[in-house]
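So the structure is just underneath, and the comments pick up after that.
The values are calculated or read from the model by the stated rules, or taken from the named source; none is laboratory data. Because the structure is predicted, anything quoted here is derived from the model rather than measured. Note that we place each Cβ from the backbone using ideal geometry, even for glycine, and neighbour counts take in every protein chain shown. Just so you know, the surface numbers come from the protein's heavy atoms only, side chains and all, with ligands and any DNA or RNA stripped out. Shrake-Rupley method; radii C 1.70, N 1.55, O 1.52, S 1.80 Å.
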Amino acid sequence: LKHNRVEIHQPMPRPIRQNNTQPPVGIDKGFRTVLASSSGKLYGEHFNEIQKTESNRLSDKNKKRNKLRQLANDYESQGKTRKAYRIRKNNLGTIKYKHQKEVESDKIKTFLNTAVNEFFLTEQPSKIAVEDLTFTGNRKQMSRKTRHHLHSWIKGYLQQRLTQKSQENRVL
């Protein structure tokens, strides 16, 4: 049961690929494009535009919500509890906020999945070499907006999808 729907998952048999004569492929996970292969092909171009649009939308939305939350707290401390209650009730609802966030997140994940599927169909690799994206640089030197964009980048989800697709396609 998921989101008031019943989902049934059943494994499907996949044909075993016999031809593993393709050379290993190195891939670079990126913020501008989802993947860049060692053959020079780019998959999921303009990913950063989609990601930044959603990141900026959420940032602006959260700024406005924080101002209203602070205003409600101020009214609460002044003893104007009815006014604070009305602000919280009518302006800080989470149902619509969470729904919009989920819809946009699903759009980003669909774009990312399309790029990963295109990579496996086009390259048909026998082995994949993936870079390690653990970031240890000094984040204080970056602007707040850049840090926010990098924080919202779903590189963990990308790694998960690459692992799953590799297993499905019997790639090492």
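Look through K67, K61, K41 and report the one residue that is without any contact (Cβ under 8 Å) to a residue 40 or more places away in the chain and open to solvent by 80 Å² or more (accessible area, probe 1.4 Å).
One residue alone meets the criteria, K67.
Hey, does the range 68-89 have a residue that's more than 19 Å from V34 (Cα to Cα), modelled with pLDDT of 90 or more and under 20 Å from the mean Cα position of the chain (by Cα)?
No, every residue in the range 68-89 fails to be more than 19 Å from V34 (Cα to Cα), modelled with pLDDT of 90 or more and under 20 Å from the mean Cα position of the chain (by Cα).
Could you list, in sequence order, the residues of the range 81-114 that are open to solvent by less than 90 Å² (accessible area, probe 1.4 Å), of a type in the set (A, V, I, L, M, F, W, C) and part of a helix (DSSP H, G or I)?
Matches in the range 81-114: A84, I87, V103, I108, F111, L112.
Working only within the range 115-130, note down all residues that are part of a strand (DSSP E or B) and surrounded by 14 or more Cβ atoms within 10 Å (Cβ to Cβ). Working first, answer last.
Residues of the range 115-130 part of a strand (DSSP E or B): 128-130.
Within the range 115-130, I128, V130 qualify.
Restricting the search to the range 40-68, which residues are in contact with a helix residue (DSSP H, G or I) (Cβ under 7 Å, 6 or more places away or on another chain) and polar (S, T, N, Q)?
Of everything in the range 40-68, those that are in contact with a helix residue (DSSP H, G or I) (Cβ under 7 Å, 6 or more places away or on another chain) and polar (S, T, N, Q) turn out to be Q51, S55, S59.
Pull up the range 99-129, narrow it to residues that are free of Cβ contacts under 8 Å to residues at least 24 places away in the same chain and within 15 Å of the chain's Cα centre (by Cα), then point me to the one that is nearest to Q22 (Cα to Cα).
If we take residues in the range 99-129 being free of Cβ contacts under 8 Å to residues at least 24 places away in the same chain and within 15 Å of the chain's Cα centre (by Cα), then T110 is nearest to Q22 (Cα to Cα).
Considering (1) of a type in the set (S, T, N, Q); (2) in contact with a Phe, Trp or Tyr (Cβ under 7 Å, 6 or more places away or on another chain); (3) over 30 Å from F119 (Cβ atoms), say which one T33 fails and leave the rest.
(3)
Are any of the residues in the range 56-74 under 28 Å from Y157 (Cα atoms), assigned to a loop (DSSP other than H, G, I, E, B) and among the hydrophobic types (A, V, I, L, M, F, W, C)?
No, the range 56-74 contains no residue that is under 28 Å from Y157 (Cα atoms), assigned to a loop (DSSP other than H, G, I, E, B) and among the hydrophobic types (A, V, I, L, M, F, W, C).
Any residue at all in the range 5-21 that's assigned to a strand (DSSP E or B) and at pLDDT 80 or above?
Yes: one or more hits.
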